[in-house]
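**Q** I'd like to ask some things about the structure below.
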Amino acid sequence: KLKQDNKPKLPTLIFLYEWNEKRRNIVNIYNNKLNENIIKPLVIDDVIPVYHLYVIQINERSDLQEYLKSYNVETIIHYPICICELKSYKNIVDPNDICVELSQKILSLPLYPDLEINKVNYICDLINNFYNFRNTIFNFKQIKTPNKGGILNCINDLEFDTKRIFLVLSL
């Protein structure tokens, strides 16, 4: 039996406009601060998106996702399987190389109305640092070593008195 004296709760929809505005503000920060190596969502003219998701396209998806996770930034791959690869659509959708390629590049960044602006800036800085580091060019030379038949990478032609500097990269 339902109680008649319960006050109705406010419907969630009254907050929808405010939440959508907050999402758009977050997306504006992403769009303005993120590195040019990232393909960002396109907006069609005369359309005001609500941005349920902020999905970027990047070639280094797994590396970036792992890097962000190491800094406690969770990302999601919302659509890991292309629609043309799903059995239920095999007679409806033709296999498409572009679809498959995109499904391997997309990554959803955090986006929700209560995401703090300083955290959005932090995420952008992390992503930009990731690309700045990856784009740094080192002059590496592979050297075969007697110990365990390994290969070491070293920086050559240093202008100061030192033995070779060995670098191990793990991204």
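**Q** All but one of (1) within 25 Å of residue 130 (Cα to Cα); (2) out of contact with any strand residue (DSSP E or B) (no Cβ under 9 Å at 6 or more places or on another chain) hold for residue 99; state the number of the condition that does not hold.
**A** (1)
**Q** Could you please give the count of residues in the range 17-39 that are in contact with a helix residue (DSSP H, G or I) (Cβ under 6 Å, 6 or more places away or on another chain) and open to solvent by 50 Å² or more (accessible area, probe 1.4 Å)?
**A** Qualifying residue count for the region: 2.
**Q** Return yes when residue 108 is touching a strand residue (DSSP E or B) at 6+ places or on another chain (Cβ under 9 Å) and among the polar types (S, T, N, Q) and no when it is not.
**A** Working: touching a strand residue (DSSP E or B) at 6+ places or on another chain (Cβ under 9 Å): yes; among the polar types (S, T, N, Q): yes.
Considered against the rule, which asks whether it is touching a strand residue (DSSP E or B) at 6+ places or on another chain (Cβ under 9 Å) and among the polar types (S, T, N, Q), residue 108 comes out as yes.
Here is a yes/no grid of residues against (1) closer than 29 Å to residue 21 by Cβ; (2) without any contact (Cβ under 8 Å) to a residue 40 or more places away in the chain:
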site: 42; (1), (2): yes, yes
site: 45; (1), (2): yes, yes
site: 49; (1), (2): yes, yes
site: 80; (1), (2): no, yes
site: 100; (1), (2): no, yes
site: 111; (1), (2): yes, no
site: 117; (1), (2): yes, no
site: 121; (1), (2): yes, no
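**Q** If you go through the range 39-73, how many residues are in contact with a Leu (Cβ under 8 Å, 6 or more places away or on another chain) and either under 20 Å from residue 128 (Cβ atoms) or small (Gly, Ala, Ser) (or both)?
**A** The total comes to 15.
**Q** For the range 1-40, how many residues meet the condition of being assigned to a loop (DSSP other than H, G, I, E, B) and at pLDDT 95 or above? Talk me through it step by step, then tell me what you get.
**A** Looking only at the range 1-40, we keep the residues that are assigned to a loop (DSSP other than H, G, I, E, B), and these are 1-11, 34-38, 40.
Narrowing the set further to residues that are at pLDDT 95 or above leaves 34, 40.
The number of residues fulfilling the criteria is 2.
**Q** Taking residue 55 as meeting all but one of (1) outside any loop (DSSP other than H, G, I, E, B); (2) farther than 21 Å from residue 112 by Cα, write down the number of the exception.
**A** In the conditions (1) outside any loop (DSSP other than H, G, I, E, B); (2) farther than 21 Å from residue 112 by Cα, residue 55 misses (2) alone.
The values are calculated or read from the model by the stated rules, or taken from the named source; none is laboratory data. In this text, all values refer to a predicted model and were calculated from it rather than measured experimentally. So basically every Cβ, Gly included, is an ideal-geometry build from the backbone, and we count neighbours across all protein chains shown. Just the protein is used for accessible areas: all its heavy atoms, side chains included, with ligands, DNA and RNA removed. Shrake-Rupley method; radii C 1.70, N 1.55, O 1.52, S 1.80 Å.
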